[in-house]
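A.B. asks: Before I ask anything, let me first share the structure, which is written out below as structure tokens.
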Amino acid sequence: MFVVFLGAPGSGKGTQATSLAEKYGLVHVATGDLLRDAVRLGTELGAKARGYMERGELVPDDLVVAMVMDRLSQPDAARGVVMDGFPRNLDQARALDRALRERGLAVDLVIYLRVPDAVLVSRLAGRWECPSCRTPYHEVSSPPRVAGKCDRCGQPLVQRPDDRPDTVRRRLQVYLEQTAPLLEYYREQGVLVEVDGDQPIPEVSRQIVAAVEALKRGGPRG
Ligand code: AP5
């Protein structure tokens, strides 16, 4: 099973991709997390990506596509993948389709999390995440059980530097210009399922699981 999460910054891709991957034993591939790891480790990729990420711009396709292809070629990816944050534009979507075709695979399901802009901005302002296992939290809607500590691994939580208001505005603009056209691309392929992401987290999860179960019964490709 190959599932892609699409949605604006703050729409809940990371939150939902984490729990979906856990439920079905799939591998969660989050390009933002891979890039932040590269920055933290000071790799060549991290050094090239850092400025783009701090400005809220997309990291160049050649770097991101190579990173994703490398991750998908690792043996655990054969279990099935939940992609979060990739593809981000039409060239990345076409590169993913080509790579999957070469393996006799295809994108089975694209979950689009639809959330109004005002909600996105307040979610990003209140977001905290675990720097170790990446679990996202929100100070109001999904606080950790112990303030400032990750429920899963106990690490102190941190805020992301690109959640500053001016960078958030740029990320939303980049999403509209470059990523939103993918909705039509995947709708034409018959794999897009739209979910109202402006509901409590468990309800969004329930609707996503329903879409996956429908896929397992033969839809939406039919
Ligand atoms: P990336 O890390 O992918 O960030 P993003 O797409 O901007 O998405 P976010 O992680 O901000 O939000 P999310 O949708 O995962 O929401 P979350 O679940 O955390 O990318 C960062 C940067 O890396 C990019 O700007 C770019 O520079 C680079 N990059 C990454 N991929 C790239 C690519 N393919 N090509 C080029 N460059 C790339 O939720 C947000 C908050 O809301 C949390 O606090 C959460 O607890 C809360 N929340 C979630 N769901 C709900 C709900 N239903 N109700 C209430 N609160 C909720």
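Just so it is clear, none of the values below were taken in a lab; they were calculated from the coordinates. Computed from a prediction, not measured in an experiment: that's the story for all the values here. We place every Cβ from the backbone using ideal geometry, glycine too, and count neighbours over all the protein chains shown.
A.B. asks: For region 172-219, what does the alpha-carbon gyration tensor say about shape, rounded, prolate or oblate, given a ≥ b ≥ c as the root eigenvalues, a/c under 1.5 as rounded, and a/b over b/c as prolate? Please list the in-between numbers first.
C.D. replies: On the way: a/c = 4.22, a/b = 1.29, b/c = 3.27.
Note, shape of region 172-219 comes out oblate.
A.B. asks: I've got another one for you. Sorting S142, S122 on the 10 Å Cβ count, fewest up front, what's the list? Walk me through the numbers before you get to the answer.
C.D. replies: Working: S142 18, S122 13.
Lowest count first: S122, S142.
A.B. asks: For the chain, just the Cα set please: Rg and Dmax, both in angstrom.
C.D. replies: Just the Cα atoms of the chain yield Rg and Dmax of 16.6, 47 Å.
A.B. asks: Now for a separate question. Just to confirm my numbers, what's the Cα centroid distance between region 119-151 and region 35-105 in Å?
C.D. replies: Cα centroid to Cα centroid, the span is 24 Å.
A.B. asks: Taking Cα pairs under 8 Å and at least six residues apart, what relative contact order does the chain come out at, in percent? Intermediate values should be presented prior to the final figure.
C.D. replies: On the way: 317 pairs, mean separation 64.1, N = 222.
Across the chain, relative contact order equals 29 percent.
A.B. asks: Below 8 Å between Cα atoms, with a sequence gap of 6+, how large is the relative contact order for region 1-64 in percent?
C.D. replies: Details: 31 pairs, mean separation 9.7, N = 64.
Computed value for region 1-64: 15 percent relative contact order.
A.B. asks: Further, regarding this structure: Under 5 Å between amide H atoms, partner at least 5 residues away or on a different chain: which partners does V27 have, H built in plane at 1.01 Å?
C.D. replies: Those qualifying (amide H under 5 Å, at least 5 residues apart or on another chain) are G80, V81, V82.
A.B. asks: Contact order normalised by length for region 29-130, with contacts defined as Cα pairs under 8 Å and 6 or more residues apart; what percent is it?
C.D. replies: On the way: 49 pairs, mean separation 23.5, N = 102.
It comes to 23 percent, rounded to a whole number.
A.B. asks: What is the order of Y24, Y185, fewest Cβ neighbours within 10 Å to most? Intermediate results must be reported in sequence, preceding the final value.
C.D. replies: Working: Y24 15, Y185 18.
If I rank by nearby Cβ atoms, fewest first, I get Y24, Y185.
A.B. asks: Specify whether the C-alpha gyration tensor of region 29-90 places it in the rounded, prolate or oblate class, a ≥ b ≥ c being the square roots of the eigenvalues: rounded for a/c under 1.5, otherwise prolate if a/b is larger than b/c and oblate if not. Display every interim value, and only then the final one.
C.D. replies: Values: a/c = 2.10, a/b = 1.53, b/c = 1.37.
Taking the square roots of the gyration eigenvalues as a ≥ b ≥ c, region 29-90 is prolate.
A.B. asks: Sorting check: for 172-180, 83-91, which peptide has the highest mean count of neighbouring beta carbons within 10 Å, and how do the rest follow?
C.D. replies: Numbers: 172-180: 16.3, 83-91: 21.2.
Packing order, densest peptide first, comes out as 83-91, 172-180.
A.B. asks: Can you tell me the dipole magnitude for the chain around its Cα centre, using point charges on the Cβ only (Lys, Arg +1; Asp, Glu -1), in Debye to the nearest 20? Intermediate values should be presented prior to the final figure.
C.D. replies: Numbers: 31 positive and 30 negative charges, 77 e Å.
It works out to roughly 360 debye.
A.B. asks: What is the packing order of peptides 31-39, 113-121, taking the mean over residues of other C-beta atoms within 10 Å and listing the highest first? Spell out each step's value before the answer.
C.D. replies: Values: 31-39: 19.0, 113-121: 15.8.
Put in order of decreasing packing, that is 31-39, 113-121.
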